[in-house]
Amino acid sequence: MLLKARWVLPIRGPVIEDGAVRISGDRIVSVGPAAELTALESDEAVRDLGVAAILPGLVNAHSHLELTVMRGLLEDADFRTWITRLTTMKLERLTRDDLLDSARIGALEAVRAGVTCLADTCDSGVSARAMLEAGLAGVMYQEVFGPDAAQVDGSISGLVEKLESLEDSRPAGSRVRIGVSPHAPFTVSADLFRRVTDLSRDRGIPMAIHAAESQAESDFLLDGTGPFGERFRTRGISWAPPGVSTVAWLDSLGVLEVKPLLIHAVQTTPADHQRIESSGASVVHCPKSNAKLGHGIAPLRAMRARGIRVGLGTDSVASNNLGDVLDEARSAVLLARAIERDATALDARQALELATIGGAEALGLDLEIGTLDPGKRADICAISLDGFRAKPVHDVEAAIVWSCTADDVILTIAGGQPVFDKYGDEQSRLDERRLGARLREIERALSEPFAG
Ligand SMILES: [Zn+2]
């Protein structure tokens, strides 16, 4: 298949005007000016996308697909209330079927947004199936919780059971890997962190952790004050604050040795960045979620300057409210410039790198995806620049970052196969009508007033 468009953005390398990408099977074969790629092979399909840009498929390096139906449900709450209500709602109001359909709706939003690779953190374990059905690749990190040291054995055996069942139900050739996610420092004890780290190392499976997200988390670790310390005292869980930052604590427990994906990294210092960099751990920057929940702005420029591998994540739509990586990229630029008081803090090209190869590097998948290069997997998206909002286009990278949203994505291809085609007979692989009806059903179950 030959895809042609007004622009091709290989990401590593200059923009190609009037470019083309040739795909054979699940691989990219060649990328270049359309004029040089037109010698067609017999029976080759050609698709001209017109005034559009072809990019590598976008990488959303942090999502919670199972929480998609929580969009708009928990607005304007403080962090402790937010996380408590979210957990209660998930456990009490939603069945496993609800969570699976919620994840499918999230996966649909992803392919419609040009995303081909997701790093999803999931408690119920339903996301891997939803990702696979939608044609997405990436990692599903199975979450594990246990703030009380007495819970360690139970948490580990529960986790091992879930991992085995996920591996058993994983079809051969699936591009969704299974990983582990000890949730966060205020929900996972030191012993549990150590045991999950051993498990990640022994089984060679990737790990992700919500780390250094909020001031509340920092206070909890520094001196046991704040809402999380209070919650531990109320629940009668003993806690000896280590008196250091999240990253320093994880380092002291040996967790950084397995090069985890650190989600958020807002509350980090130059000393933390040095630990992250020297361990080879990576970071997911979630600027909209961090801003919306009032957590602050992660020091992106300092982390990038150190050479830390950084990707972009939308986080759950309960805290965003969109699974739109282009919107996330735009927010990353705006917030980096605002906090640094410097219009050169992050440019459009760098933002598109974060949304593609940056995420691929953060997930250790950069040899396979993240740029348009011959030999890489044919994970591709196409964004229309034909609307009035984007025109005139003087600088295509700036036009995409400043003017485009998920709604402008017209085609998403994963492993050489379309997984979203705005102008196709079937737009995606999921049953959108059924999911729309299920969403209305679940909405009713969630709309009962909250008592607790
Ligand atoms: Zn999260």
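The values are calculated or read from the model by the stated rules, or taken from the named source; none is laboratory data. Since the structure is predicted, the reported quantities are computational estimates derived from the model, not experimental observations. Virtual Cβ from ideal backbone geometry, glycine too; neighbours counted across all protein chains shown.
Residue by residue through region 70-106, note down the ones that are under 30 Å from GLU230 (Cα atoms), part of a helix (DSSP H, G or I) and more than 14 Å from the ligand (Cβ to nearest atom).
Applying the first criterion (under 30 Å from GLU230 (Cα atoms)) to region 70-106 yields 70-94.
Within this subset, residues satisfying the condition of being part of a helix (DSSP H, G or I) are 70, 79-93.
Correct list: ARG80, THR81, THR84, ARG85, THR88, MET89, LEU91, GLU92, ARG93.
Pick out, from region 176-259, the helices (runs of 4 or more DSSP H) lying fully within it that include 3 or more residues that are buried (at least 21 other Cβ atoms within 10 Å of the Cβ) and either at pLDDT 95 or above or within 16 Å of the ligand (Cβ to nearest atom) (or both).
Values: elements: 190-203, 215-223, 226-235, 246-252.
The helices (runs of 4 or more DSSP H) meeting that bar are 190-203, 215-223, 246-252.
Is it the case that some residue within region 71-79 is under 30 Å from ARG309 (Cβ atoms), crowded, with 24+ Cβ neighbours inside 10 Å and assigned by TED's automatic domain parsing to the domain that holds ALA216? Full working, then the answer.
In the first step, residues of region 71-79 are kept if they are under 30 Å from ARG309 (Cβ atoms); the result is 71, 79.
Adding the requirement that they be crowded, with 24+ Cβ neighbours inside 10 Å leaves none.
There is no residue in region 71-79 that is under 30 Å from ARG309 (Cβ atoms), crowded, with 24+ Cβ neighbours inside 10 Å and assigned by TED's automatic domain parsing to the domain that holds ALA216.
Among the residues of region 107-123, write down those that are more than 19 Å from HIS210 (Cβ to Cβ), aliphatic (A, V, I, L, M) and assigned to a strand (DSSP E or B). Please lay out each step first, then the result.
The first filter runs over region 107-123 and keeps only residues more than 19 Å from HIS210 (Cβ to Cβ), leaving 107-117.
After this cut, where a residue has to be aliphatic (A, V, I, L, M) as well, the list is 107-108, 110-111, 113, 115.
Across region 107-123, the qualifying residue is only VAL115.
Residue by residue, here is whether (1) in a loop (DSSP other than H, G, I, E, B); (2) touching a Lys or Arg at 6+ places or on another chain (Cβ under 6 Å); (3) more than 16 Å from the ligand (Cβ to nearest atom); (4) in the same structural domain as ALA77 (by TED's automatic domain parsing) holds:
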site: GLN274; (1), (2), (3), (4): no, no, yes, yes
site: ALA291; (1), (2), (3), (4): no, no, no, yes
site: ARG304; (1), (2), (3), (4): no, no, yes, yes
site: ILE308; (1), (2), (3), (4): yes, no, yes, yes
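So ALA318 fits all but one of (1) within 14 Å of the ligand (Cβ to nearest atom); (2) under 26 Å from THR371 (Cβ atoms); (3) not in a loop (DSSP other than H, G, I, E, B); what number is the exception?
(2)
Restricting attention to region 129-143, and to residues there that are in a strand (DSSP E or B) and without any contact (Cβ under 8 Å) to a residue 60 or more places away in the chain, which single residue is nearest to ALA360 (Cα to Cα)?
As a first pass, look at region 129-143 and keep what is in a strand (DSSP E or B): 137-143.
Subsequent filtering for residues that are without any contact (Cβ under 8 Å) to a residue 60 or more places away in the chain retains 140, 142-143.
Numbers: MET140: 15, GLN142: 20, GLU143: 21 Å.
Checking each candidate, the answer is MET140.
When you scan region 369-388, how many residues do you find that are in contact with a helix residue (DSSP H, G or I) (Cβ under 8 Å, 6 or more places away or on another chain) and at pLDDT 95 or above?
Taking region 369-388 first, the residues in contact with a helix residue (DSSP H, G or I) (Cβ under 8 Å, 6 or more places away or on another chain) are 369-371, 383-385, 387.
Now narrow it down to the ones that are at pLDDT 95 or above: 369-371, 383-385.
So the count comes out to 6.
Return yes or no: is LEU86 surrounded by fewer than 21 Cβ atoms within 10 Å (Cβ to Cβ) and not assigned by TED's automatic domain parsing to the domain that holds ALA208?
When the stated conditions are applied, LEU86 does not pass them.
What strands (runs of 3 or more DSSP E) lie completely within region 1-65 and have 2 or more residues being touching a residue at least 60 places away in the same chain (Cβ under 8 Å)? Spell out the reasoning first.
Numbers: elements: 2-8, 16-24, 27-33, 46-48, 52-56, 58-63.
The qualifying strands (runs of 3 or more DSSP E) are 2-8, 16-24, 27-33, 52-56, 58-63.
Quick check on region 346-368. Is at least one of its residues modelled with pLDDT of 95 or more, within 23 Å of ALA20 (Cβ to Cβ) and of a type in the set (Val, Ile, Thr)?
yes
Okay, residues lined up against (1) in the same structural domain as GLY106 (by TED's automatic domain parsing); (2) within 22 Å of THR197 (Cβ to Cβ); (3) under 18 Å from the mean Cα position of the chain (by Cα):
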position	(1), (2), (3)
HIS264	yes, yes, yes
CYS286	yes, no, yes
ASP315	yes, no, yes
ARG341	yes, no, no
ARG349	yes, no, no
ALA355	yes, no, yes
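State yes or no: is ALA348 more than 13 Å from the ligand (Cβ to nearest atom) and small (Gly, Ala, Ser)? First the steps, then the outcome.
Values: more than 13 Å from the ligand (Cβ to nearest atom): yes; small (Gly, Ala, Ser): yes.
Spelling it out, ALA348 is indeed more than 13 Å from the ligand (Cβ to nearest atom) and small (Gly, Ala, Ser).
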